[in-house]
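Scroll down for the structure; my scribbles are underneath it.
Any read-out appearing in this document is the output of simple, stated calculations on the displayed coordinates, not a laboratory observation. As the structure is a prediction and not an experimental result, all values here were calculated from the model. Cβ coordinates were reconstructed from backbone atoms using ideal geometry, including for glycine residues, and neighbour counts include every protein chain displayed.
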Amino acid sequence: MRGKVKYHELSEFQKRKYLGEFYSMISLLRTRDEVKKFFKDLLTLSEVVMISRRLQIAKMLLEGHTYEEIQKNLKAATATIYQVERWLNHGFGGYKDVIKRYKKKEVKKTKKGKEIITPFTLSHIRRKYPLHFLLLNLLKK
């Protein structure tokens, strides 16, 4: 019975083929819903959470937060924060590019007058279930 595939044991051809196809497949995803379904099928919930936390760490580092603030807010280990910071400063620029693009999109939403709503907040629930909050919604207007 075979164990895990080890990256360093793959031939250069296999590495290029597997990674090339992986990146090409991801680039074919067009909508947020497609991306969500793809990663739900591909990764475990734990893996998604770990990747999401790394993005949050990168975002906080770029905003100038200290290691202590990040540890407190995200319950992340110093080693994880250090690793993300290393990728931010010495990687290929992927973190910076995606976070910059995300922030631009976030700013455009607020400039258009749309309220940015974080999932599972009261604002999100009020918008998702308007009849349940009919009186509150009427009072708000």
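General remarks:
- 222 nm mean residue ellipticity, helices alone, for the chain (DSSP H n ≥ 4; -39,500 (n - 2.57); rounded to 500): -21500 deg cm²/dmol
- Selection from Leu88, Phe38, Phe133, by position along the positive dipole direction of the chain (Cβ): Phe133
- Theoretical gain in end-to-end length, Val49 to Lys105 [0.36 nm per residue, Cα-Cα removed]: 17.9 nm
- Largest-first ellipsoid semi-axes for the chain, taking √(5λ) over the Cα gyration tensor eigenvalues, angstrom: 35, 21, 16
- Cβ-defined net charge surrounding Arg54, 12 Å radius [Lys, Arg +1; Asp, Glu -1]: +1
- Taking packing as the residue-averaged number of other Cβ atoms within 10 angstrom, the listed peptides 21-34, 81-94, 47-60, 123-136 run from highest to lowest as 47-60, 81-94, 123-136, 21-34.
- Two-decimal ratio, the stretch 43-91, of alpha-carbon radius of gyration to 2.2 N^0.38 Å: 1.08
- Shown is the FRET efficiency for Lys37 and Ile125, computed with R0 = 22 Å from the Cβ-Cβ distance and rounded to the nearest 0.05: 0.40.
- Here, the stretch 1-42 yields an orientationally averaged convex hull projection of 3.9 nm² when only Cα atoms define the hull.
- Cα-Cα over 20 Å, subset of Lys36/Lys105; Lys37/Lys72; Lys59/Lys104; Lys15/Lys59: Lys37/Lys72; Lys15/Lys59
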